[in-house]
Amino acid sequence: MSTFLSEMYLWTKALHIVSVIAWMAGLFYLPRLFVYHAEVATRGDSRDEIFQVMERRLLRAIMNPAMIATWVFGLALVLTPGVVDWSSVWPWTKTVGVISMTVFHQWLAAKRKALAQGTSDVTGRQFRLMNEVPTVLLILIVFSVVLKF
């Protein structure tokens, strides 16, 4: 198995990067949709229905598959011999960042359901602030991997 992972390393890395980009695009866009949904739509009106469709499709068709692919290819990279030095700090900071990103993704999924049911307690301003979370996590992850601190 380790020979296969070593031979497929560059393909795995490329697929991991593509998956991360797709996932991040959704993590940046979904909270922005929530801002507009919370600020301009009224439960049951046509805008509410349009936002619900957009949010559901973004989450289910793009974000969920991209998150799963990110994890699958990321774990394959971790299992590839010689890629990760667990005695360094960077794999641990990256791990914390990726787990935090996954928790944020799940929080967004819960907020999508709350908006669809009309029970959301989060304001447009709060969604704007939450929109910064993936940026901070992205910076942590990229700096960890590239600078290997």
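The values are calculated or read from the model by the stated rules, or taken from the named source; none is laboratory data. The structure presented is a predicted model; accordingly, all values stated were derived computationally and were not measured. All Cβ positions, even for glycine, are placed from backbone atoms using ideal geometry, and neighbour counts span all protein chains on display.
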Problem - Subset of region 40-91 that is surrounded by 12 or more Cβ atoms within 10 Å (Cβ to Cβ) and in contact with an Asp or Glu (Cβ under 8 Å, 6 or more places away or on another chain) - its residue that is nearest to Val122 (Cα to Cα) - result: Ala41
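Take the residues in region 4-38 that are farther than 14 Å from Leu138 by Cα and of a type in the set (S, T, N, Q), then tell me which one is modelled with the highest pLDDT. Full working, then the answer.
Just the residues of region 4-38 that are farther than 14 Å from Leu138 by Cα, to begin with: 4-16, 18, 29-38.
Then keep just the ones that are of a type in the set (S, T, N, Q); that gives 6, 12.
Details: Ser6: 93, Thr12: 98.
Among them, the one singled out is Thr12.
Among residues belonging to region 39-76 that are aliphatic (A, V, I, L, M) and at pLDDT below 95, point out the one that is farthest from Gln117 (Cα to Cα).
Of all residues in region 39-76, those aliphatic (A, V, I, L, M) come to 40-41, 50, 53-54, 58-59, 61-63, 66-69, 72, 75-76.
Subsequent filtering for residues that are at pLDDT below 95 retains 40-41.
Working: Val40: 16, Ala41: 13 Å.
Ranking the qualifying residues of region 39-76, first place goes to Val40.
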Exercise for the section: Scan region 114-149 for residues that are within 24 Å of Ile50 (Cβ to Cβ) and part of a loop (DSSP other than H, G, I, E, B) and jot them down. Expected result: Gly118, Thr119, Ser120, Asp121, Val122, Thr123, Asn131
Practice task
Please tell me if His16 is assigned to a helix (DSSP H, G or I), in contact with a Ser or Thr (Cβ under 8 Å, 6 or more places away or on another chain) and surrounded by 18 or more Cβ atoms within 10 Å (Cβ to Cβ).
Solution key: yes
Practice task
Please find, among Phe149, Phe143, the residue that is free of Cβ contacts under 8 Å to residues at least 60 places away in the same chain, touching a Phe, Trp or Tyr at 6+ places or on another chain (Cβ under 8 Å) and among the aromatic types (Phe, Trp, Tyr).
Solution key: Phe143
Practice task
With the condition kept exactly as written, say whether any residue in region 22-41 is closer than 22 Å to Asn131 by Cβ, out of contact with any Cys (no Cβ under 9 Å at 6 or more places or on another chain) and part of a loop (DSSP other than H, G, I, E, B).
Solution key: yes
